[in-house]
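Peer 1: Sending over a structure as structure tokens; questions will come in a sec.
The values are calculated or read from the model by the stated rules, or taken from the named source; none is laboratory data. What you see is a predicted model, and the numbers here were worked out from it, not measured in a lab. Because the Cβ atoms are built from the backbone with ideal geometry, glycine has one as well, and the counts that use them run over all protein chains shown.
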Amino acid sequence: MLLEVDGSFFQTRKDELEVRLDHFLGAHLTWRSRSSIQRLIKDRFVYLDPAAPEAPHGRGEWKLETRPGRRLLHGTRVKVVIPPDLRLPAPEGPASAVAVLLEDDDLLAVEKPPMVPVHPSGRHVNDTLIQRIHAREADRMAERGEAPRLAHRLDRETSGIVLVGRSPRAHTDLRRQFEAGTNDKHYLAVCRGTPPGPAGSVELPIRSATASRVRVKMAVGEDGLAARTDWRVLEEVGPYALIACELFTGRQHQIRVHLAAIGLPIVGDKLYGPDEELFLRASDGVLTAEDERLLELPRQALHHHRIAFDHPRTGERITVESPLAPDLEEFLTAARARYA
């Protein structure tokens, strides 16, 4: 099943054989609230190309759908069309607001700073990564009539590499690689705790944390989806460890959940660190001085460090790297001086 937003496609998991339209949109437009998703549908912005036994991938005919509870069969395509006059404006400022690690006619690899959301959300509607990219690509978009599209997402607090398709074909191919797990994804995390060894692998299923007050929180559990994270200690500094992680699956919050499960919570993690109440207070903007002392950093110390993927046009294996973000390097430098 595919979802298109202003030309961008998202693909559901293979196990989603049937799903409500509003639930499907909510799973992919995570920056929108449930009521916002339903308004989007009722306000006539959503179109379907329904799948059927004789047309398992749709017929290529788009039809308006205004029922949030409409059931979608696997293979259905979903398109959200936001009129230009209702779209959020691109942020003002120089194109250099986007740090580009790799660029060619098909794709960009950009550096996402910490605390910058990839898409607009209910609380963060301005100065998002996609808006910065659209500002940078404005002339190209006007010339070719194609908008660049993010091939994947990072949490707002996470820094590092984000891949962007500059054409529909490139975007679709990059998305397929993420869905199939054929790209190699490596992260760096600054954790608190004593590693149980120099390296290891966490293979614990991940599911929703149903007992939590936080809707997006995940947890390990036997009834969850299979997940694997390999980890390796790069450095130990007093009570901290710099950990390299390789993802073999792409579950929500996977690294954060797995590292916390082996006693290595990520520094600054409000959801999987000392107390999930920190997340709730941060959401309300009421963190106390004691909260900030417990967190040690204003954001989770997680950085998307390296990715390898097949170029969508040439098939060449490409590797992109991003050095540890400056704020995390500064944290480690201060820790080295403190515990020398």
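Peer 1: Is it the case that region 247-265 has a residue that's touching a residue at least 60 places away in the same chain (Cβ under 8 Å) and farther than 21 Å from Arg207 by Cα?
Peer 2: no
Peer 1: Restricting attention to region 237-258, which residues are under 22 Å from Arg338 (Cβ atoms) and either touching a strand residue (DSSP E or B) at 6+ places or on another chain (Cβ under 8 Å) or not assigned by TED's automatic domain parsing to the domain that holds Arg299 (or both)? Full working, then the answer.
Peer 2: Restricting attention to region 237-258, the residues satisfying the condition of being under 22 Å from Arg338 (Cβ atoms) are 237-243.
Answer for region 237-258, where residues must be under 22 Å from Arg338 (Cβ atoms) and either touching a strand residue (DSSP E or B) at 6+ places or on another chain (Cβ under 8 Å) or not assigned by TED's automatic domain parsing to the domain that holds Arg299 (or both): Pro239, Tyr240, Ala241, Leu242, Ile243.
Peer 1: I would also like to ask the following. How about region 266-300: which of its residues are out of contact with any strand residue (DSSP E or B) (no Cβ under 8 Å at 6 or more places or on another chain) and β-branched (Val, Ile, Thr)?
Peer 2: Residues satisfying the conditions are Val286, Thr288.
Peer 1: On the basis of being basic (Lys, Arg) and assigned to a strand (DSSP E or B), does Arg251 make the cut?
Peer 2: Numbers: basic (Lys, Arg): yes; assigned to a strand (DSSP E or B): no.
Against the criterion (basic (Lys, Arg) and assigned to a strand (DSSP E or B)), Arg251 does not qualify.
Peer 1: In region 199-222, what residues are farther than 18 Å from Ala27 by Cα and without any contact (Cβ under 8 Å) to a residue 60 or more places away in the chain?
Peer 2: Applying the first criterion (farther than 18 Å from Ala27 by Cα) to region 199-222 yields 199-205, 211-213, 220-222.
Once the filter is applied, which keeps residues that are farther than 18 Å from Ala27 by Cα and without any contact (Cβ under 8 Å) to a residue 60 or more places away in the chain, region 199-222 yields Ala199, Ser201, Glu203, Leu204, Pro205, Ala211, Val220, Gly221, Glu222.
Peer 1: How many residues are in a loop (DSSP other than H, G, I, E, B), more than 26 Å from the chain's Cα centre (by Cα) and among the hydrophobic types (A, V, I, L, M, F, W, C) if we restrict to region 41-79?
Peer 2: So the count comes out to 2.
Peer 1: Right, another one. Scan region 254-300 for residues that are of a type in the set (Lys, Arg) and either within 25 Å of Thr333 (Cβ to Cβ) or part of a loop (DSSP other than H, G, I, E, B) (or both) and jot them down.
Peer 2: Taking region 254-300 and keeping what is of a type in the set (Lys, Arg), we get 256, 270, 281, 293, 299.
Hits for region 254-300 are Arg256, Lys270, Arg293, Arg299.
Peer 1: For region 172-193, enumerate the residues that are surrounded by fewer than 22 Cβ atoms within 10 Å (Cβ to Cβ), more than 16 Å from the chain's Cα centre (by Cα) and under 30 Å from Gly268 (Cβ atoms).
Peer 2: Matches in region 172-193: Arg192, Gly193.
Peer 1: Identify all residues within region 23-40 that are assigned to a loop (DSSP other than H, G, I, E, B) and either touching a Gly at 6+ places or on another chain (Cβ under 6 Å) or at pLDDT 90 or above (or both); write none if there are none. Reasoning before the result, please.
Peer 2: Our first condition is that a residue be assigned to a loop (DSSP other than H, G, I, E, B); within region 23-40, this holds for 29-33.
The one that is assigned to a loop (DSSP other than H, G, I, E, B) and either touching a Gly at 6+ places or on another chain (Cβ under 6 Å) or at pLDDT 90 or above (or both): Ser33.
Peer 1: Among what's in region 218-241 and is surrounded by 12 or more Cβ atoms within 10 Å (Cβ to Cβ) and more than 26 Å from Leu324 (Cα to Cα), pick the residue that is farthest from the chain's Cα centre (by Cα).
Peer 2: Top of the filtered list is Gly221.
Yes/no per residue for (1) in the same structural domain as Phe279 (by TED's automatic domain parsing); (2) buried (at least 19 other Cβ atoms within 10 Å of the Cβ); (3) among the hydrophobic types (A, V, I, L, M, F, W, C); (4) not in a helix (DSSP H, G or I):
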site: Pro114; (1), (2), (3), (4): no, yes, no, yes
site: Met141; (1), (2), (3), (4): no, no, yes, no
site: Ile161; (1), (2), (3), (4): no, yes, yes, yes
site: Ala170; (1), (2), (3), (4): no, yes, yes, no
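Peer 1: Among the residues of region 172-194, what is the count of those that are of a type outside the set (S, T, N, Q) and not in a helix (DSSP H, G or I)? It would help to see each step written out before you state the result.
Peer 2: Going residue by residue through region 172-194, those that are of a type outside the set (S, T, N, Q) are 173-176, 178-181, 184-193.
Next cut, not in a helix (DSSP H, G or I) only: 181, 184-193.
Number of matching residues: 11.
For every residue, the table says whether it meets (1) modelled with pLDDT under 90; (2) of a type outside the set (Val, Ile, Thr); (3) buried (at least 17 other Cβ atoms within 10 Å of the Cβ).
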{"site": "Arg59", "(1), (2), (3)": "yes, yes, no"}
{"site": "Thr66", "(1), (2), (3)": "no, no, no"}
{"site": "Asp105", "(1), (2), (3)": "no, yes, no"}
{"site": "Val125", "(1), (2), (3)": "yes, no, no"}
{"site": "Gln131", "(1), (2), (3)": "yes, yes, yes"}
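Peer 1: Pairs please, first residue from region 275-288 and in the same structural domain as Ala211 (by TED's automatic domain parsing) and surrounded by 15 or more Cβ atoms within 10 Å (Cβ to Cβ), second anywhere and of a type in the set (Gly, Ala, Ser) and part of a loop (DSSP other than H, G, I, E, B), Cβ atoms under 8 Å, 6+ apart in sequence or on different chains.
Peer 2: Hits for this filter: Glu276/Ser212.
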